[in-house]
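To start, the structure under review is shown below, and the notes come after it.
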Amino acid sequence: MYESTTVDFEEKAFYDILKALAKKYDFKYPEDKLVELSKEVKSVVDDKAKYTDWSQRDDIKAELKVGLIILLAKFGYPPVDRDEVYKEIFEQAENFKEYSQSSK
């Protein structure tokens, strides 16, 4: 666990991107909610991308995007309307799973 954020190594990848996006697009988001959201994002990504061929299947990638959109809306992230934020989160989710599967 990382002391400052109470997230594990894999969750920290999402914590880092969510925090970086808040800084990049100049909006504030509470630290405790950021930690909780990063854990939930990892959970959604793990659930939707559990199949070895997920990156070649448009149906699973679409489910991943819908799941993330619903989760982000539930958490009110981002508190500003920026499509770029969603795009970067989706890219991070796809890159995370591809990297984690290739490193096994």
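None of the figures in this text is laboratory data; all of them are computed from the coordinates on show. On a predicted model such as this, the values are computed, not experimentally measured, just so you know. Glycine gets a Cβ as well: all are built from the backbone with ideal geometry, and neighbour counts include every protein chain shown.
Couple of notes before you dig in:
- Exposure proxy ranking for F14, F9, F27, based on other Cβ atoms within 10 angstrom of each Cβ and starting from the fewest, stands as F9, F27, F14.
- Among I70, I60, the order by Cβ neighbours within 10 angstrom, fewest to most, reads I70, I60.
- In the list [x] 64, 24, 17; [y] 37, 31, 21; [z] 59, 36, 29, the label attached to Cα extents along the principal axes in Å as derived from the coordinates here is [y].
- Cross-link reach is defined here as a Cα-Cα straight distance under 19 Å, omitting same-chain residues fewer than 8 places apart; for K19 the lysines meeting it are K28, K33, K39, K42, K74, K87.
- K74 paired with F27, simple spin-label distance in nm, labels 7 Å along Cα-to-beta-carbon: 1.8
- For the chain, size of Cβ-based charge dipole, Lys and Arg +1, Asp and Glu -1, in debye: 60
- Relative contact order computed over the chain (Cα-Cα under 8 Å; 6+ residues apart), in percent: 29
- Across Y15, Y29, Y77, mean-square fluctuation computed from a Gaussian network of the chain (C-alpha pairs under 10 Å connected) peaks at Y29.
- Theoretical gain in end-to-end length, K50 to E36 [0.36 nm per residue, Cα-Cα removed]: 2.9 nm
- When each full DSSP H helix of the chain is screened for a Cα extent of at least 15 Å along its own axis and an average Kyte-Doolittle hydropathy of at least -0.5, the helices passing are 9-24, 58-75.
- Summed residue charge, Cβ within 13 Å of L21's Cβ, Lys/Arg positive, Asp/Glu negative: 0
- Fewest-first ranking of V41, V85, V66, using other Cβ atoms within 10 Å as the exposure measure: V66, V85, V41
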